[in-house]
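Quick notes on the structure that follows.
The values are calculated or read from the model by the stated rules, or taken from the named source; none is laboratory data. In this text the structure is predicted, and so the values were computed from the model without any measurement. Cβ placement follows ideal geometry from the backbone for every residue including glycine, while neighbour counts extend to all protein chains displayed.
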Amino acid sequence: MIEYALIFALTCFGAGLLFNLWRIVRGPGRADRILALDTMVINVIALLVLFGISKGTAVYFEASMLVAMVGFVSTVAYCRFILRGDIIE
């Protein structure tokens, strides 16, 4: 039963990635694109965790933590760049 739940969850998060990609391409504003990129990071984290559950290894959980840290820093840096024009003051 868990296999079916994992397949369903992987499919839903994969579809979420496609919708986020569509929002990045067709987004009406900069804020929408930033939010779509941040949501893509969250979806990638979820996919890594689900893939780690399906394979039964802890390597994917550590990779998801790294993606979470890099995703947070990149979102903050991109927001600062959009708002101020530079990243480092």
Gly85 vs (1) surrounded by fewer than 11 Cβ atoms within 10 Å (Cβ to Cβ); (2) at pLDDT 95 or above: all pass except (2)
Given (1) farther than 30 Å from Ile2 by Cβ; (2) assigned to a helix (DSSP H, G or I), index of the condition Val49 fails:
(1)
Considering each of Val59, Val67 in turn, give the residue that is surrounded by fewer than 12 Cβ atoms within 10 Å (Cβ to Cβ) and out of contact with any Ser or Thr (no Cβ under 6 Å at 6 or more places or on another chain).
Val59
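Conditions (1) among the hydrophobic types (A, V, I, L, M, F, W, C); (2) under 12 Å from the mean Cα position of the chain (by Cα); (3) at pLDDT below 95, marked per residue:
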| position | (1), (2), (3) |
| --- | --- |
| Asn43 | no, yes, no |
| Leu47 | yes, yes, no |
| Gly71 | no, yes, yes |
| Arg80 | no, no, yes |
Which residues, taken from the stretch 2-28, are aliphatic (A, V, I, L, M) and over 12 Å from Ser54 (Cα atoms)?
Ala15, Leu17, Leu18, Leu21, Ile24, Val25
